[in-house]
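Beneath this line is the structure, given in structure tokens, with notes to follow.
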Ligand SMILES: [Zn+2]
């Protein structure tokens, strides 16, 4: 068996001010063709699963590049075309192959390509022809377009949000693809468009029980795989929306019927999947009123994992104005401030302008007096699905009663060691503010006395219906409330 694999993807926030260029795709993990099996990029898990299967079976796995950009604004056309053409050239050079398994995100929008990864998959299909098995693993925050489905034999999405199952789903993809190439199963994909879009947290009900039930159905009665494409509400795609994807063993009627019943259930509960999002002051008041320490406030709208800058000051400004002490906040992306702190050294006191630099969605920069508590070059934190995620250089600073983790690599907060590696005792901290929409929950959920999701004026507001969409169908719920 000869298998080609590669990664190309990002999650495009159409309302984010920062463009996504070539260099953004060539960050950590750009070339996964190494012998390392640990600490692979979160979007190199298909590659990892294939390496492991190859070691067991003697398959030949040809690895193309891993090109994954952290979520940001629209991808520059030349960047997408260059990376796409590189992938296609690598594939062509690898021919003949029996199987192509890619890891994509599914929500990339490039200039001139509203469905960039659909374009990619269609071109891969055109190169390999209908006789070569083509599968892919996607993020559930994808735009599950008809082109993506029509171009492939099998698509498997992560089930969990936070995405704790990237590797597990990659193994599903490899296992089912192998069975299909061997002729043991005939995957038939069916999709149902639910006419809605929402945020679906699988860390709590009602999604928790739904996902557990769907998982238990797999492997029985001809059901091979069930995925829920949540959709990405900040991507202005004509394919924006929540969809159900059912894969059965040769039984299209059964797949359609399951799409119908699962879709009906999700649509009926559509208003219950997303949490409430109080504003900064209400969230701070609620957190301070708690009888417990370790109340986590999630700055969802400034989540770099959804395309935001990660430098907004809306919550920090309110913490300082209200003279809150015993709070921590991070990561706050400010390479300039980190540079000054690095120059000054631990123990220094500086008058600096912090945060609020990228655009109006970042709020105002704050003029503060800060003390440098800790410094670290090339710091990391626990990442998604057992991976390690870069933070860049870090300066931990004290601004009045708030300890802030400033960093140089734009990323969300995933792991509690974002704070604890610098000696911060989260169990003794009153308010823990983390820039993340939901991935933080995998590690912070277990130590939090309470989690409060906060609405701020960032580029991925919970109330997304007021954003200036041009391509998305604003006839679906909740744009059209009666839909
Ligand atoms: Zn996602």
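Against the condition more than 16 Å from the ligand (Cβ to nearest atom), surrounded by fewer than 20 Cβ atoms within 10 Å (Cβ to Cβ), in the same structural domain as residue 43 (by TED's automatic domain parsing) and under 22 Å from residue 27 (Cβ atoms), how does residue 77 come out, does it pass? Spelling it out, residue 77 is indeed more than 16 Å from the ligand (Cβ to nearest atom), surrounded by fewer than 20 Cβ atoms within 10 Å (Cβ to Cβ), in the same structural domain as residue 43 (by TED's automatic domain parsing) and under 22 Å from residue 27 (Cβ atoms). On the stretch given as the range 58-68, residues that are surrounded by 24 or more Cβ atoms within 10 Å (Cβ to Cβ) and under 22 Å from residue 111 (Cβ atoms) total 2.
Looking at 55, 6 in this structure, which one is buried (at least 24 other Cβ atoms within 10 Å of the Cβ), farther than 28 Å from residue 311 by Cβ and at pLDDT 90 or above?
Criteria check complete, one pass: 6.
Taking the criterion of being within 22 Å of the chain's Cα centre (by Cα), surrounded by fewer than 22 Cβ atoms within 10 Å (Cβ to Cβ) and closer than 23 Å to residue 123 by Cβ, no residue of the range 153-190 qualifies. Within the range 117-134, restricting attention to residues that are more than 16 Å from the ligand (Cβ to nearest atom) and crowded, with 24+ Cβ neighbours inside 10 Å, which residue is farthest from residue 12 (Cα to Cα)? Only one residue fits best here, namely 121.
Do you know which residues across the range 407-431 are assigned to a strand (DSSP E or B) and over 21 Å from the mean Cα position of the chain (by Cα)? Explain how you work it out, then say what you get.
Step one: filter the range 407-431 for residues assigned to a strand (DSSP E or B), giving 407, 431.
Correct list: 431 only.
Selection of the range 84-116 for residues being within 16 Å of the ligand (Cβ to nearest atom) and part of a loop (DSSP other than H, G, I, E, B) yields 104, 105, 106, 108, 109. Residues of the range 293-311 that are at negative phi, away from the ligand (no atom under 16 Å from the Cβ) and in contact with a strand residue (DSSP E or B) (Cβ under 7 Å, 6 or more places away or on another chain): 295, 296, 297, 299, 309, 311. Consider the range 162-201 and keep the residues that are within 21 Å of residue 442 (Cα to Cα) and part of a helix (DSSP H, G or I). The one that is nearest to the ligand (Cβ to nearest atom) is 166.
Listed here are the helices (runs of 4 or more DSSP H) enclosed by the range 236-353 that have at least 3 residues being more than 19 Å from residue 397 (Cβ to Cβ): 252-268, 280-289.
Residue 358 - would you say it is within 30 Å of the chain's Cα centre (by Cα) and closer than 22 Å to residue 429 by Cβ? Let's see the steps before the verdict.
On the way: within 30 Å of the chain's Cα centre (by Cα): yes; closer than 22 Å to residue 429 by Cβ: no.
Answer is no for this residue.
If you go through the range 397-442 and keep only what is over 20 Å from residue 298 (Cβ atoms) and either within 16 Å of the ligand (Cβ to nearest atom) or buried (at least 24 other Cβ atoms within 10 Å of the Cβ) (or both), you end up with just 397.
Kindly indicate whether residue 149 is outside any loop (DSSP other than H, G, I, E, B) and surrounded by fewer than 22 Cβ atoms within 10 Å (Cβ to Cβ). Before the answer, list the steps.
On the way: outside any loop (DSSP other than H, G, I, E, B): yes; surrounded by fewer than 22 Cβ atoms within 10 Å (Cβ to Cβ): yes.
Against the criterion (outside any loop (DSSP other than H, G, I, E, B) and surrounded by fewer than 22 Cβ atoms within 10 Å (Cβ to Cβ)), residue 149 qualifies.
The values are calculated or read from the model by the stated rules, or taken from the named source; none is laboratory data. Quick caveat, the model's predicted, so the values are computed rather than measured. As a convention, Cβ positions derive from the backbone with ideal geometry for all residues, glycine included, and neighbour counts pool all protein chains shown.
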